[in-house]
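Computed from the coordinates by the stated procedures, all read-outs in this text should not be read as laboratory data. A quick note: this is a predicted structure, and the numbers were derived from the prediction, not measured. Don't worry about glycine lacking a Cβ; one is built from the backbone with ideal geometry, like all the others, and counts go over all protein chains shown.
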């Protein structure tokens with residue numbers, strides 16, 4: 001099951017779980033765990049936590065470079081000045 005379909009299913013089941021009594025919560029929780037393949041404790045925390053928003057789950061993005069151009073030039077000069085593999089490129 002994809003992340004998007006798990007998210008859609010979670011949005012659908014969340015309000016039903018909140019309104020249910022203890023006996024019905026158990027069956028809803030069993031269903032949710034079997035469909036989404038979540039551990040029971042994680043599913044309880046997810047269904048008892050904050051309500052789902054209309055926003056999509058966050059997308060993992062790559063980190064931007066944290067070195068300034070001046071620092072990169074300094075590192076390059078040190079790299080070239082030190083003895084070592086001369087034909088290898090620096091790590092940045």
Handout entry: Qualifying positions in segment 19-44 - over 24 Å from residue 59 (Cβ atoms) and exposed (fewer than 12 other Cβ atoms within 10 Å of the Cβ)
Key = 19, 21, 22, 23, 26, 27, 34, 39, 40, 41
Practice task
Kindly indicate whether residue 83 is under 19 Å from the mean Cα position of the chain (by Cα), exposed (fewer than 10 other Cβ atoms within 10 Å of the Cβ) and part of a loop (DSSP other than H, G, I, E, B).
Solution key: no
